[in-house]
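Contents: one structure, followed by commentary.
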Amino acid sequence: MHVDPFGGYRLIEISGHAGYDEYGKDIVCAAVSALAQTMALGLEKVVGIKAKIKKKDGYFLLKIPKDLSAEKADKVNIIMETFILGIEDISKSYPSNIQVDVIEEV
């Protein structure tokens, strides 16, 4: 996760979140994927922004547009912070399967 130095998350990158169990039974992968998809839907349907999204097996990238109104930026931050809370909570139960890194941009 990349944080803008002026506040707010700008990018979420998820990779390697599979491996708890075999394909189709991996509850960690399913949980992370569900949270990521819900975050993307919230940004599009609730906030009204079109984030840049790249998805493939075991990889998800979401990048927030730079030119947002203050109101939309606040809503984006609420949705993304909620996503992070969910991921951090899952990582407490499955610490060997999920690692959360927050990278502050300079």
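The values are calculated or read from the model by the stated rules, or taken from the named source; none is laboratory data. Being a predicted model, the structure only gives us computed values, none of them experimental. Note that each Cβ is placed from the backbone with ideal geometry, even for glycine, and that neighbours are counted across all protein chains shown.
With ILE90, ILE64, ILE27, ILE98 as the choices, which residue is surrounded by 11 or more Cβ atoms within 10 Å (Cβ to Cβ) and more than 15 Å from the chain's Cα centre (by Cα)?
It is ILE27.
Among the residues of the range 68-82, are any basic (Lys, Arg) and touching a residue at least 24 places away in the same chain (Cβ under 8 Å)?
Yes: the range 68-82 contains one or more residues that are basic (Lys, Arg) and touching a residue at least 24 places away in the same chain (Cβ under 8 Å).
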Just give me the residues in the range 65-95 being more than 19 Å from GLU13 (Cβ to Cβ), part of a helix (DSSP H, G or I) and among the aliphatic types (A, V, I, L, M), in sequence order.
-> ALA70, ALA73, ILE78
Is it the case that the range 40-54 has a residue that's modelled with pLDDT of 85 or more and on the phi > 0 side of the Ramachandran plot?
-> yes
Residue satisfying all of: in the range 10-24; modelled with pLDDT of 80 or more and over 14 Å from ASN97 (Cβ atoms); farthest from the chain's Cα centre (by Cα) among these | ARG10
Extreme residue, farthest from SER15 (Cα to Cα), among residues of the range 35-56 that are in contact with a Phe, Trp or Tyr (Cβ under 9 Å, 6 or more places away or on another chain) and in contact (Cβ under 8 Å) with a residue 12 or more places away in the chain = GLY42
